[in-house]
Amino acid sequence: MAAFDFAPLIVLLPFTSFFVAVAAAIWRPNILPKGGALPGIAATAGSLLVSLWVAVEVLGGGRTAETVYVWSTGVGDAPELVFSLLLDPLSALMLLIVSLVATLVHVFSLGYMNDEDETGLPRYYAGLGLFTASMLGFVVAGNLLMAFIFFELVGLCSYLLIGFWFREAGPPSAAKKAFLVTRFGDYFFLVGVAGVFATFGSAAFAGPESFPAVAEAALTGEASVRTFGFGTQTWFSVLGFLILGGVVGKSAQYPLHTWLPDAMEGPTPVSALIHAATMVAAGVYLIARIYGFYALLPTVLAAIALVGGFTALFAATMGLVKREIKQVLAYSTISQYGYMMLGLGAGGYVAATFHLMTHAFFKALLFLGAGSVIIAMHHNEDMWDMGGLRKRMPVTYVTFLAGSLALAGIVPFAGFWSKDEVLYEALVHGLGGSPILLAAYGMGLVAVLFTGFYTFRMVLLTFHGDPRTELARNPHGVGWNVKAPLVVLGVLATTAGFLNMVPVHELLGFPPEYLHDWLAHDGGRSAFAGLTSEHYGELLHDWAGYSTVELSAILPGLVSLGLALLGAGGAYALYAGDDPEEHTEKLGAAKTVLYNNYYQDEYQVWLTDSVVKPLSRTMDTFDQGVVDGTVNTVSSVSLFSGRRLRRIQTGVVSNYAVLLTLGLTALVLVVGVLGGWFA
Amino acid sequence: MIDLALQTVPGVADGLLPAAVLALTALLLFGIDTINPKEDSLALLCGISVGGSLLALALAGSLLAAGYEATPVYGDALMIDGTSLFFTLVFASVTALVSVASYDYLRDQDYCAEFYALVLFAATGMSLMAAANSLATAFVALELTSLPSYALVAFLKTDEGSVEAGLKYFLVGALASAVLVFGISLVYAATGAMTFSAIAEAMVGAGDVAGVLGLGVVMIAGGVAFKMAAVPFHFWAPEAYEGAPAPVSGFLSSASKAAGFALAFRIFVGAFPVEMAVPMGVDWVLVFQILAVGTMTLGNFAAATQENIKRMLAYSSVGHAGYALIGLAALSAGGPNGNVLGASMAHLFVYGFMNTGAFLFVAMAEHWGVGRTLEDYNGLAATAPVASVAMTVFMFSLAGLPPFGGFFSKYVLFYAAVESGFWWLAAVGAVNSALSLFYYSRVVKALWFEEATVPLEIGRRPVGLYVSVLAAALGTLILLPLFGPVVETAQTVAAALF
């Protein structure tokens, strides 16, 4: 198990690069070549290599769940709090994704940050290093508390990086918003963690003592847990919803999605990292990680599917009218994570994981491509100032196009296969007796149309037609450090879908569905049998009542492909010419609503102003008046009586003798009367 | 009743070695003083004193670690067991600290050999109090502790405050001794016995003279309460601590107080077992409950309004006596008595370090000529940061803030009280602790956050005082990881008393 012995390095290497960058920033700001980029690249590349090694080991059947460090031993029955590693197919896959994207983002930063002569680079690379380390730590976490700790670290790092340009007005405010909104969700998560400990006495993910396993045993009556007076399944659902709060915040699902578009204020490579591999991915990964628990809870699953489907559609509509390239991408991210939630809620564990993976590649690609465009445009992000960049930036154009085709879900690019599988799972389970999933499916399907439209609107406005400004006529060139990551991701965005071609497999019986096989087995280790997609399938069937109908994957695949092409064609019809017009005005009032993001921010501000603030004021009055009042009264009474007591101490020794004697007499009287001495 | 001849058997006196070392050291100092009254090598005297107390500390520690078996010696007059050794440990530690600290304090004084000899005689008396197994030895040991203490308080013969304090202490002490000895005679009258085990046996037949016995018991409680400085027998404490040289104040408020508790634990647990005394109507637990609540409350309330640091510390030490009294007040027939009593012992142990340290800091301030009120301490941290850190540790630890030793000892004490069903005692203690934070943090605030009113010039850094203050701070801090073993030892030896 040599690879597993080195697994902690995956987390520790980027952490070291963080530490090196911080130390350099404090003591010798100029000592690091490239402002700390090189240690960062070396560390993340190291993590990538070890992740590959771990993946090979896992492929060979290796699995591990080991305690690394016990940081609190419980007294009596109290649970032990530990840091533990869980390496299984899911975490190995995610490690590969995260470390790969992080490495590429580091390389890209050389072009985006260093070559643009940004200041504060050690701080930037320190943030990237810690961000990567936190996410990798979250991925390998073997229990819920450790996951929560790293989840919070991820949130902290996104705050630091979104607010990187803290001297401008926008970024600090966006950073605060991201921090506070996700914190609101994490509050529920924290309560959920405490609840899991209180209920199961363990928060481990794997093994017979793990809380999903105990939950299953409790439902069959083989184990007893504390449910605080609720029905067992009801209480588990409460816990499931609490943890879901953290997921909704981090993965930017409705109604806590509002932070994500604002987070575009951060440097673009950071956006790539946040959207593709770290912050936003953390939420969905968490559900996948404890899917054995959620698979027991049909109510929560339905809620996840509905939230996912709704978010997918809702965010896609907002992406239709945006002017800035990164804004379009931001709403596409929200929408795509909606698909993943839909997949998880609809029982498509593999499909959702698949989409998590392909999305990581094509969304990282799109953001880095957008970053390349932004470099070229001297940090102007308005698509209406672009146009015609195709001829001037061929590498960026080709790779960006590959990413866009993947995002829109056009065959044979990666996004098609994964999104199609998510929708297929929702459809077959919906038809198989869970009609509520059909509603989520419907929303997801409509979103495909919109996705095709906004994606190609973005491509056409940016790269096609005639240049609309002087900037676009003479773009700034980009170097190898920008192109190389784009090419790597472009290849992956094109080909990653071949890992799991469900319709092709059905048609030809070939090639194998690699990802299904990867996630299905326990490698012959029964302790990990509870973490396989096979087991999840049984749980879904037994507890959530999910069953499938026999349905070919080909027809639904053609439907969603058709819708994507229709959306793309619509965009082409409207925006293809040399000098496209702004059609958004024709939407009338709808445009205003969409442009203002359905007034979500406004209504949340209204909620704060008219509900939260008055409540806080009442609490403050209570605190000042009653709590502080009591305390102040107590203290003034005690100070007053203290002053009185001082007077007894007269300094005259005969007074003391009298008081002593009287005191003794009083004692004798009290005890004597009570003890019946004088009877 | 006492057959000294029996005790010449070698080996029996093993457990008495620490006390014997203390006594011999005192005699050695006396000898030096007699032969050469002009001996003014302070280093030599201090060295002997510290060496003797450290030797006693090491002996007591090793005997305790070896699991010393309870051994009655001198015809049951003394009982050497875990409890006596545990307390000897406390006394020897405080004696060593105070001896080191006095090195600087005594630099310009005469009669230094006498000072050290008196300290060591008092320490001998204290370790005998902790080993007393008969009312007669208890009284003699108590007087052996008290008489040197009076002289020590009045040690600064030319200082009016010191002399006045010594006289007041002596007068109140004489009254308390009279009460104690009257109590002893009443108990003897009711039971016809002096050794604790004999009294316990005789109590069975003393039902018809319960009133006499009860009166004696309450008076004995009053006598030992004087040593503990428990309300209403505490009046001497603020005066004596204020007037006495600061190291002596530290010595009295830590070691002498602990000795009072040691004696009380011995007498009341050994001679008047709860399960027998309470049904007879001799409810001494009630006595201690009243004393505990009164002492905690009055001590802390009075401390809150003091401006003079030494008086503030004096009242705070009265308050701490109240906490420690929970050890006796929360006893019940069949309850987890060992835990309660042990927790109280552990608290006294921690208290020995933090309280002595606080008084020694005051001694250092006096040495520098800093005034005695809180205001005079303003901005002291700027000139003496290391010592101020130590003082901060003492203050927070006395207040019972985590993560200092005082937090753990109070926590265990209150927890044990709750465990025995006396949650209200723990509640009173907790409320008082919260109040105490007010006046302790005033000191910290003055040290660190206030601006000095007059620019402070401190001359020499007194080596001895620094060493002892830092040693006490270290002790308070080392008790974080070591508190587990300390409380376990204390609870084990306490459980052996029942």
Residue list for region A:575-591, restricted to those being within 34 Å of the chain's Cα centre (by Cα) and exposed (fewer than 12 other Cβ atoms within 10 Å of the Cβ) | A:Ala589
Just wondering, is there one or more residues in region A:623-635 that are more than 14 Å from every other protein chain (Cβ to nearest Cβ), acidic (Asp, Glu) and surrounded by 11 or more Cβ atoms within 10 Å (Cβ to Cβ)?
-> yes
Within region A:568-599, how many residues turn out to be in contact with a Ser or Thr (Cβ under 8 Å, 6 or more places away or on another chain), among the aliphatic types (A, V, I, L, M) and under 16 Å from A:Arg323 (Cβ atoms)?
-> 2
Assuming B:Met79 fulfils every condition listed in (1) part of a helix (DSSP H, G or I); (2) under 22 Å from the mean Cα position of the chain (by Cα) apart from one, which condition is it?
-> (1)
Looking at A:Phe293, A:Phe230, which one is assigned to a helix (DSSP H, G or I), farther than 21 Å from A:Phe361 by Cα and either free of Cβ contacts under 8 Å to residues at least 12 places away in the same chain or not aliphatic (A, V, I, L, M) (or both)?
-> A:Phe293
Among the candidates B:Ala229, B:Ala225, B:Ala198, single out the residue that is on the phi > 0 side of the Ramachandran plot and hydrophobic (A, V, I, L, M, F, W, C).
-> B:Ala229
Failed item in (1) assigned to a loop (DSSP other than H, G, I, E, B); (2) closer than 18 Å to A:Gly40 by Cα; (3) hydrophobic (A, V, I, L, M, F, W, C), with A:Ala78 passing the rest = (2)
Do we find that B:Gly223 is within 20 Å of the chain's Cα centre (by Cα), more than 21 Å from B:Thr95 (Cα to Cα) and touching a residue at least 12 places away in the same chain (Cβ under 8 Å) in this structure?
-> yes
Answer with yes or no whether A:Lys591 is basic (Lys, Arg) and free of Cβ contacts under 8 Å to residues at least 60 places away in the same chain.
-> no
Scan region B:289-302 residue by residue and report those that are surrounded by 24 or more Cβ atoms within 10 Å (Cβ to Cβ), more than 9 Å from every other protein chain (Cβ to nearest Cβ) and not polar (S, T, N, Q).
-> B:Ala292, B:Met296, B:Gly299
Being surrounded by fewer than 17 Cβ atoms within 10 Å (Cβ to Cβ), free of Cβ contacts under 8 Å to residues at least 12 places away in the same chain and part of a helix (DSSP H, G or I), is that true of even one residue in region B:451-468?
-> no
Just a yes or no: is a residue in region A:166-176 without any contact (Cβ under 8 Å) to a residue 60 or more places away in the chain, closer than 20 Å to A:Met279 by Cα and buried (at least 17 other Cβ atoms within 10 Å of the Cβ)?
-> yes
For region A:533-551, state whether one or more residues are within 30 Å of A:Gly569 (Cβ to Cβ) and either small (Gly, Ala, Ser) or in contact (Cβ under 8 Å) with a residue 12 or more places away in the chain (or both).
-> yes
Residue within region A:640-649 that is of a type in the set (Gly, Ala, Ser), farther than 30 Å from B:Leu437 by Cβ and within 14 Å of chain B (Cβ to nearest Cβ) present | no
State whether the residues of region B:188-198 include one that is at the interface with chain A (Cβ under 9 Å from one of its Cβ atoms), in contact with a helix residue (DSSP H, G or I) (Cβ under 7 Å, 6 or more places away or on another chain) and part of a helix (DSSP H, G or I).
-> no
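Every residue, every condition in (1) surrounded by fewer than 22 Cβ atoms within 10 Å (Cβ to Cβ); (2) in contact with a strand residue (DSSP E or B) (Cβ under 6 Å, 6 or more places away or on another chain); (3) among the acidic types (Asp, Glu), yes or no:
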site	(1), (2), (3)
B:Tyr68	yes, no, no
B:Asp76	yes, yes, yes
B:Ala96	no, no, no
B:Asp108	yes, no, yes
B:Met129	no, no, no
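Here's the yes/no breakdown for (1) within 30 Å of A:Leu461 (Cα to Cα); (2) buried (at least 19 other Cβ atoms within 10 Å of the Cβ):
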position: A:Ala527; (1), (2): no, no
position: A:Ile554; (1), (2): no, no
position: A:Gly562; (1), (2): yes, no
position: A:Gly567; (1), (2): yes, yes
With B:Leu147, B:Leu135 as the choices, which residue is away from chain A (no Cβ under 14 Å), within 30 Å of B:Leu55 (Cα to Cα) and buried (at least 22 other Cβ atoms within 10 Å of the Cβ)?
-> B:Leu135
Taking B:Glu275, is it part of a helix (DSSP H, G or I) and either within 10 Å of chain A (Cβ to nearest Cβ) or in contact with a Cys (Cβ under 8 Å, 6 or more places away or on another chain) (or both)?
-> no
Mind checking which pairs have a first residue in region A:52-63 that is in contact (Cβ under 8 Å) with a residue 60 or more places away in the chain and a second that is among the hydrophobic types (A, V, I, L, M, F, W, C), Cβ under 6 Å, 6 or more apart or different chains?
-> A:Val58/A:Ala92; A:Arg63/A:Phe528
Near pairs, Cβ below 6 angstrom, 6+ apart or cross-chain, from region B:432-446 (on the phi > 0 side of the Ramachandran plot) to any residue that is in a helix (DSSP H, G or I) = none
B:Pro232 part of a loop (DSSP other than H, G, I, E, B), within 14 Å of chain A (Cβ to nearest Cβ), surrounded by fewer than 24 Cβ atoms within 10 Å (Cβ to Cβ) and more than 15 Å from the chain's Cα centre (by Cα) = yes
Members of region A:652-676 that are at the interface with chain B (Cβ under 7 Å from one of its Cβ atoms) and assigned to a loop (DSSP other than H, G, I, E, B) = A:Gly676
Subset of region A:557-607, residues in a loop (DSSP other than H, G, I, E, B) and not polar (S, T, N, Q), comes to A:Ala576, A:Gly577, A:Asp578, A:Asp579, A:Pro580, A:Glu581, A:Glu582, A:His583, A:Gly588
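For every residue, the table says whether it meets (1) surrounded by fewer than 21 Cβ atoms within 10 Å (Cβ to Cβ); (2) more than 14 Å from chain A (Cβ to nearest Cβ).
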{"residue": "B:Gly281", "(1), (2)": "yes, no"}
{"residue": "B:Ser316", "(1), (2)": "no, no"}
{"residue": "B:Met345", "(1), (2)": "no, yes"}
{"residue": "B:Tyr351", "(1), (2)": "no, yes"}
{"residue": "B:Met354", "(1), (2)": "no, yes"}
{"residue": "B:Ala365", "(1), (2)": "no, yes"}
{"residue": "B:Arg372", "(1), (2)": "yes, yes"}
Helices (runs of 4 or more DSSP H) lying entirely in region A:374-450 (those with 1 or more residues that are without any contact (Cβ under 8 Å) to a residue 24 or more places away in the chain and of a type outside the set (Ser, Thr, Tyr)) = A:389-392, A:394-408
Looking at (1) assigned to a loop (DSSP other than H, G, I, E, B); (2) touching a helix residue (DSSP H, G or I) at 6+ places or on another chain (Cβ under 6 Å); (3) farther than 26 Å from A:Glu265 by Cβ, which is the one condition that is false for A:Phe148?
-> (1)
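A short reminder: the numbers here are calculations on the coordinates, not readings from a lab. Predicted model only: the values in this text are computed from it and were never measured. Using ideal geometry, Cβ is built from the backbone for each residue, glycine included, and neighbour counts are taken over all protein chains shown.
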